Amino acid sequence: MHLTTLHPDLRKNLRNLVQGYVEHCEFSPHLTGRIDFPIYYMGFKYGAPVFTHTGPGKAGIDRPVVGMIGWNTPASQLPSQVLLEFVEILTQHPKLAQESILRMLPVANPVALELDQDAPSREDWDLLGNLADQFHEQAADGWIEVHTADVREFTLAGEVSPALYKTLEQAKERAGLRERLGVRFPDVFDLKPVRHDERWQVRLIIPSDWDDSRSIRATARFLARLVHVQARINRRQRKSARL
């Protein structure tokens, strides 16, 4: 039987990503990973792992499901790096998301991870958008996208629950203190409130020149803060509903 494999140079980027994840994170009872969306390009099969984090809590409880996607491009892996840094934080602090289920796809374009500038972009390849839509449908309660763009300001845009909207507005006043503690708050909040029982969804738009490790870490810490605050809000709402 004749088997055709990718040239070692083409597998380098994916190998480095996986090795980096194994070196810095540890699978636990809370974290699993699998390839849910394999795709084909130019006769070769590509795939990116979906990591699922299940927060601690009693079995059988109604857990909110939040989807998270990193939109890497042929020119930038920054969104994937931010989400992988977030996964590392999560493995060290499994209670961060409380009872939530987080489904994370750090690499939305696995072809770009391997082929760089030779890969198709999201705008040129409808398949990537279709796969993202499938992943989006699995996130019943919340949705987070991480993008990069040629902009100067870190922006958080989207629709959030009234309680999260209020918390973020208050947090803006203390952003300077948070940044001294290693958390990078957005410069711009372009948010609209939605009803607490509707799916909230946000986009983190990161300047493309924030590719140093310090900026990546600080952005991931903000993401962790965002997820933690929303998880606390969900928990309070569930307790109020039971009263």
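Derivation of every value follows stated rules applied to the coordinates shown; laboratory data play no part. Predicted model only: the values in this text are computed from it and were never measured. Positions of Cβ are backbone-derived with ideal geometry, glycine not excepted, and every protein chain shown enters the neighbour counts.
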Formal net charge of residues neighbouring Phe154 (Cβ-Cβ distance under 10 Å; K, R +1; D, E -1): 0
Can you give me the relative contact order of segment 108-238 as a percent, contacts being Cα pairs under 8 Å and 6 or more apart? 31
Relative contact order in percent for segment 8-242 (Cα pairs under 8 Å, 6+ apart) equals 22
If you average 1/r across every pair of different Cα atoms in segment 84-216 and take the reciprocal, what Kirkwood value do you get, in Å? 16.8
